[in-house]
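The values are calculated or read from the model by the stated rules, or taken from the named source; none is laboratory data. All values derive from a computational prediction rather than experimental measurement. In this analysis, Cβ positions are derived from the backbone assuming ideal geometry, glycine residues included, and neighbour counts consider all displayed protein chains.
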Amino acid sequence: MMNKSAIPSLKKDSMWKRLRMTPWFISFSSSIFTIILGLIAGLILLIVINPAKAFSAFGILFVGGFDSAHSIAQFIYLAPPILMTGLSIAFAFKTGLFNIGTPGQFLAGTFMALVGAIVWNCPWYINILLAMIGGAIWGFIPGLCKAFFNVNEVLSAIMLNWIAIIIVDVAISNIPSMIDPVYATRTVNIANVNASGIIPGWGLENFDSGLNISIFLAIIFAIVCWIIINKTNFGFELKACGSNKFASKYAGISDKKNIVLSFVIAGALAGIGGAFQYLAPTATGGYSLQISSLPEEGFTGISVGLLAASNPIGCIFAALFISYLDVSGEAIQQLRYAPENVSFIIGIIVYFASFVALVRIWLQKVYKKELFRFIGQMIVKFCKWVKTRFHRGKVIDAEVGEVSSSTQKKVDEVTQKSDDIHPLENKKEEETK
C-alpha cells in the first residue's frame, strides 16, 4: 500500500516538471540567466578599470535609477522608443525574419511625424498615425524584395537604412518650416508652432516635465502584438511561415503574403517609435534632428527583442531594463568613470544579455536531464560531508587535548617523585649551578 505522505511530493514534482518545460518559463529563466551573466561581466570590467571604486559603481548600477523622482521619470521616458523598435524586431523574428532595417524605418516614421506636426499642424494622434504609415512603407520594400525576388532581408534592409538617411536629410533641408530661421539649424520649437502636435502628459508632467502617455501607448501596442501573434489565425500563419516556409506553403498558407505583412507591421512599429522619440515634450518644447548616423534606438531594439526572446510582453520589461541601465550609467560617472567606459560596460551587459536564444536551448536540455536536481543533491552531500568532517575534527582535537593533559600530569608526578627520592643530589646540582 502506497504511503499517503508521498502523494503530495509526487504531485509537487509533477507540477515542477510541467512548469519547467513550459515555453514562457524557459524564456523567463533564460532571460534572467543572461542578465546575471551580463552583470557579472560588467562587474569584472569595473574592477579592471578602477578596482578601488568597482563595487561602489556596481551598487550604483543597481540603485542609480531609483535615487530620485527625476531618475525614475527619466528611464520611463527613455523606454517607449526602444520598446517599439524591440517589438518591431520581435514581430519579424516570429516569421523567421531579421529586421535589421529598424533604424531606417525609425527615421521614416520620425520624418512623417515631424512633417505632420510642423508642416501640416496635425494633432499628436494623427502624427503617430503618419509615423506608422512612414515606417510601414519603409518596411514594405525589403518585405517585397524578400517575398518575390528572394533578396536577403539583411542586405536590402541595411542598404535602405542608408537610403533613409539621405532622403530624410535632403527632404528636411528643402522644407523651410522645418529649419530654424534664426540659427539655420534643424531645431524647431514644436510647442510654439503646433502645441497639439506634442504627445500629451495627461497629468504625468506634474511628476516630471518629460513624462507623457507614450509609455502607456507602447504597452498597449505590446499587448496587441501579443494577442495577434498568439490568439489569431494570422499570428498562427506567421509563426508557421517562420518555423517552416515550405510546410506552411504545402498547407495552403501564403508565405509571400505573410512575409510582406510581417515586414509592413514591423516597419509600422518602428515608425511609431520615431514619433514617441521626437514628439515627446521636452524642456525646450522642440526637436533637434541632426542626421549624421543611424539612430541608436533602432539597434537597441535588437537587444530588446533578443532579451525578450521575441515575446511582446517580455519586450516591455527588456526595454525598461535597458533604459534603466542608461540612467544608472550616468550616475556611475559621479565616481569619475569616463562616459566612454560607462557606455562600454553597459554595452557588454546588453551584449551578454543578447545570448538568450543560446541559453534557452541549453536550459531546455538542462531541464530535461534534471541536471538542477543532480546539482542540488551533490551540494547537499557536500554540505553533509563538510559538517561530518568538522564534527570529527572537533572530536579529535578534544581527544588530543585530553591525552596531552593526562600525559603532562604523569610527567609532573614522575618529576615530583624524583625530587622526593634524591633531595641531596638535586641540592648539589643547584649549588653547582
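What are the residues in segment 313-363 that are part of a helix (DSSP H, G or I) and of a type in the set (S, T, Y), if any?
Narrowing segment 313-363 to residues part of a helix (DSSP H, G or I): 313-335, 339-353, 356-363.
Hits for segment 313-363 are S323, Y324, S328, S343, Y351.
Mind listing just one residue for me: the one in segment 297-342 that is of a type in the set (D, E, K, R) and more than 19 Å from Y77 (Cα to Cα) and, of those, nearest to the chain's Cα centre (by Cα)?
From segment 297-342, those of a type in the set (D, E, K, R) are 297, 326, 330, 336, 340; that's our starting set.
Checking the rest, the ones that are also more than 19 Å from Y77 (Cα to Cα) come to 336, 340.
Values: R336: 25, E340: 20 Å.
Taking the candidates together, the pick is E340.
Which of the following residues is of a type in the set (A, V, I, L, M), more than 25 Å from the chain's Cα centre (by Cα), surrounded by fewer than 24 Cβ atoms within 10 Å (Cβ to Cβ) and not in a helix (DSSP H, G or I): V115, V151? Outline the logic, then answer.
On the way: V115 fails: not in a helix (DSSP H, G or I).
The conditions single out V151.
In this structure, does F216 turn out to be more than 23 Å from G301 (Cα to Cα) and either aromatic (F, W, Y) or under 27 Å from the mean Cα position of the chain (by Cα) (or both)?
So F216 fails the test.
For segment 88-107, give me each residue that is among the small types (G, A, S) and either surrounded by fewer than 24 Cβ atoms within 10 Å (Cβ to Cβ) or under 15 Å from C315 (Cα atoms) (or both).
Filtering segment 88-107 down to residues among the small types (G, A, S) leaves 88, 90, 92, 96, 101, 104.
Matches in segment 88-107: S88, A90, A92, G96.
From the list A191, A164, A195, A222, which one is in contact with a Leu (Cβ under 8 Å, 6 or more places away or on another chain), under 30 Å from A69 (Cα atoms) and not basic (K, R)?
Details: A191 fails: in contact with a Leu (Cβ under 8 Å, 6 or more places away or on another chain); A164 fails: under 30 Å from A69 (Cα atoms); A195 fails: in contact with a Leu (Cβ under 8 Å, 6 or more places away or on another chain).
Just a single option satisfies the conditions, and that option is A222.
Has segment 176-190 got any residue that is of a type in the set (D, E), surrounded by 20 or more Cβ atoms within 10 Å (Cβ to Cβ), without any contact (Cβ under 8 Å) to a residue 60 or more places away in the chain and touching a Ser or Thr at 6+ places or on another chain (Cβ under 8 Å)? Can you show your working first?
So in segment 176-190, the residues of a type in the set (D, E) come out as 180.
If we keep only those that are surrounded by 20 or more Cβ atoms within 10 Å (Cβ to Cβ) as well, we get none.
Looking through segment 176-190, none of the residues is of a type in the set (D, E), surrounded by 20 or more Cβ atoms within 10 Å (Cβ to Cβ), without any contact (Cβ under 8 Å) to a residue 60 or more places away in the chain and touching a Ser or Thr at 6+ places or on another chain (Cβ under 8 Å).
Go through segment 241-266 residue by residue and tally those that are without any contact (Cβ under 8 Å) to a residue 60 or more places away in the chain and part of a helix (DSSP H, G or I). Outline the logic, then answer.
Within segment 241-266, the first condition is being without any contact (Cβ under 8 Å) to a residue 60 or more places away in the chain, and the residues that meet it are 244, 246-254.
Still in the running and part of a helix (DSSP H, G or I): 246-250.
Result for segment 241-266: 5.
Would you please name the residue that is surrounded by the most Cβ atoms within 10 Å (Cβ to Cβ), looking only at residues in segment 48-62 that are without any contact (Cβ under 8 Å) to a residue 12 or more places away in the chain and aliphatic (A, V, I, L, M)?
A54
A quick yes/no check of all residues on (1) more than 23 Å from L129 (Cβ to Cβ); (2) hydrophobic (A, V, I, L, M, F, W, C); (3) at pLDDT 85 or above; (4) not in a helix (DSSP H, G or I):
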| site | (1), (2), (3), (4) |
| --- | --- |
| M159 | yes, yes, yes, no |
| A164 | no, yes, yes, no |
| V168 | no, yes, yes, no |
| A171 | no, yes, yes, no |
| Y183 | yes, no, no, yes |
| S196 | no, no, yes, no |
| I199 | no, yes, yes, yes |
| W202 | no, yes, yes, yes |
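List the number of the failed condition for T110; all other conditions in (1) in contact with a Gly (Cβ under 6 Å, 6 or more places away or on another chain); (2) surrounded by 23 or more Cβ atoms within 10 Å (Cβ to Cβ); (3) at pLDDT 95 or above hold.
The failed condition is (3).
Can you report the number of residues in segment 67-100 which are part of a loop (DSSP other than H, G, I, E, B) and not polar (S, T, N, Q)?
Step one: of segment 67-100, the residues part of a loop (DSSP other than H, G, I, E, B) are 67-68, 95-100.
Filter once more, keeping what is not polar (S, T, N, Q): 67, 96-98, 100.
Within segment 67-100, residues that are part of a loop (DSSP other than H, G, I, E, B) and not polar (S, T, N, Q) number 5.
If we keep just the residues of segment 206-232 that are surrounded by 19 or more Cβ atoms within 10 Å (Cβ to Cβ) and of a type in the set (S, T, N, Q), which is nearest to A90 (Cα to Cα)?
Step by step, filter segment 206-232, then rank; the result is S214.
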